[in-house]
Each structure stands twice: as C-alpha cells, then as structure tokens.
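A.B. asks: Pasting a structure here, questions to come.
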Amino acid sequence: MARNVEAYSALRELPAGFLAGFCLACAERGSGVFTALAQPTDAEWFSYALDAAWKAPTGQVEEDDLIEILEEFETKTASMDADDPGSKGFSIAQSAMLAVNAIAVYMNPNPARAEMSGQTLETILGSFDFKLGGSVVTVIRAGEDEEVGRLQQLEQDAQNSFIESVRALNRDQEGSGLGGDFLENLRESCVPIRDEIRAATESVAELAGWD
C-alpha cells in the first residue's frame, strides 16, 4: 500500500499548533466510518468526542473533559472485535481513535503522533478499496509503482491540500495557530470526502456481511 510519505515528512516542518489541525481533518473525514457502522449510542459518543476535539483549540472544552474522553475511549472499544483487521469492530475502533488522537496531539503536539492519524485512515481506506475492488490481489513487479485506490487517493489529496494551506499561511505570516475561522473552513472542507467515505463504508459492510 503506497503511503503519503511526503505529507508525513512535511508534518515535521509545520508549526506545532497545526499538527492538531491535520489530525482533526483526518478524524472528520474518517468519521464517516463509525457513523455508518457503530451502534447509535456508540456513534453518539464518538461524535461527541470528535466535536470536543474540534472545540479544544479555541478553548471551548476544559482539559479535564478531554482527559476523560481519552480514558473513556478504552472502555467504549473494549467490547469490539478490534484486533481483527477484517472485522467491523476494527474499522469502528480505528476510525473513532482518530478523534481521540486529535485530542492527544492537541494536548501534546508530536509529528509522529500526527502521522499516525494519516496512516490509520489510509489503512482503513486502503482495505475498503481492496474490498470494493473485488479483493483481487495485484502483483507489483520490481520497478513498478504500487497503485492507490480511489478512497485512499482522496485521502492523500486532502492531506496534501492541508499541508499546502498551512504553508501558504506561513508564507503570509499568518500561521501562528489554529483560529476559529481556519477550523470552521477546514471542517467544512472535509464534509464531501467524509460523506463519500460513509457511502463506501455502507457498501463494504454489505459486501462483508457486517450486520
């Protein structure tokens, strides 16, 4: 699976405050997975965690509440079959983890931890592309580039767009932190891909027989 290595390398050059923004965007796009698959009560909690993650950079959530979300996440996912990469529970837990990781990176900015959000979502979408493509294994010969599926490519393009938007802010000397307008526009920009991911997730669930 070809990864978006240039974007992940670029994370190490971004102002620390924008690492949480990268994770937030991954979490918003990936939320299409848990909203499609999770039980209503679990999906409601995961959405609450995601909303809290978006509000944190503008000071709308107390740190104690963020810590509580981090602690509750383990309980929420403990009963899921989260260790089997081919399971419904794995996809739910991994997509919900993106919201939790955004909180963790906001509280302790770390490029490697931010990269984990991108890698996790690429893994989910790469597996979905494989299932939607008929689960056909393609042999990659020496010197050939590994193909990237449609969903994973959408995610890579979105990640690259985020990196470029932050670089543009820095060139204009406006990149000191995550402002409300930046966050609002960023979240809105994630909606079309989030909805595509949700629709694709429903198709994958049907193919896989996930009840």
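A.B. asks: Calculate the all-directions average of the projected area of the chain's alpha-carbon convex hull, and give it in nm².
C.D. replies: Here the figure is 12.0 nm², rounded to one decimal.
A.B. asks: Same structure, new question: List every DSSP H helix in the chain whose Cα atoms extend 30 Å or more along the helix's own long axis and whose mean Kyte-Doolittle hydropathy is at least -1.0.
C.D. replies: Qualifying helices, which must be both long enough and hydrophobic enough, are 17-37, 111-132, 150-171, 180-208.
A.B. asks: Additional query: Roughly what would the spin-label model give for Asp83 and Asn185, points 7 Å off Cα along C-beta, in nm?
C.D. replies: It is 4.6 nm.
A.B. asks: Might you report the magnitude of the Cβ-based charge dipole of the chain about its Cα centre, with Lys and Arg at +1 and Asp and Glu at -1, to the nearest 20 debye?
C.D. replies: The calculated dipole for the chain is roughly 460 debye.
A.B. asks: Please give the per residue accessible area of the chain, computed with a probe of 1.4 Å over protein heavy atoms only, in Å².
C.D. replies: 50
A.B. asks: Using only DSSP helix segments of four residues or longer, with each worth -39500 (n - 2.57), what per-residue ellipticity at 222 nm results for the chain after dividing by its residue count and rounding to 500?
C.D. replies: Roughly -24500 deg cm²/dmol at 222 nm, from the helical runs in the chain.
A.B. asks: For segment 76-128, report the translational diffusion coefficient in µm²/s to the nearest whole number, using Stokes-Einstein at 25 °C, 0.890 mPa s, and a Kirkwood Rh over Cα pairs.
C.D. replies: 213
A.B. asks: Additional query: Place a +1 charge on the Cβ of each Lys and Arg in segment 1-86 and a -1 charge on the Cβ of each Asp and Glu, then give the dipole magnitude about the Cα centre in debye, rounded to the nearest 20.
C.D. replies: Result for segment 1-86 is approximately 560 debye, rounded to the nearest 20.
A.B. asks: Let me ask you something else. Tell me, which longest segment in the chain has none of the GluC sites (Glu not before Pro) that fall in DSSP loops with at most 13 further Cβ atoms within 10 Å?
C.D. replies: With GluC sites (Glu not before Pro) excluded where exposed in loops, the chain gives 63-143 as its longest stretch.
A.B. asks: Now, a different point. Any idea what the relative contact order of the chain is, in percent, if you count C-alpha pairs under 8 Å spaced at least 6 apart?
C.D. replies: Here the relative contact order equals 38 percent.
A.B. asks: Once each part is reduced to its C-alpha centroid, what is the distance from segment 24-50 to segment 68-86 in angstrom?
C.D. replies: Cα centroid to Cα centroid, the span is 13 Å.
A.B. asks: Per the Kirkwood treatment, what hydrodynamic radius in Å, one decimal, follows for segment 12-89 from the mean inverse distance over all distinct Cα pairs?
C.D. replies: 13.9
A.B. asks: List the lysines whose Cα sits under 28 Å from the Cα of Lys88, skipping any in the same chain fewer than 8 residues away.
C.D. replies: Excluding near neighbours in sequence, the set is Lys76, Lys131.
A.B. asks: Next up: By the gyration tensor of its Cα atoms, with a ≥ b ≥ c the square roots of the eigenvalues, what is the shape of segment 1-56: rounded for a/c under 1.5, prolate for a/b over b/c, or oblate?
C.D. replies: Cα axes put segment 1-56 in the oblate bin.
The values are calculated or read from the model by the stated rules, or taken from the named source; none is laboratory data. Keep in mind the model is a prediction, meaning the values are calculated, not measured. Cβ sites come from the backbone with ideal geometry, for glycine too, and all protein chains shown count toward neighbours. For accessibility, only protein heavy atoms count, side chains too; no ligands or nucleic acids. Shrake-Rupley method; radii C 1.70, N 1.55, O 1.52, S 1.80 Å.
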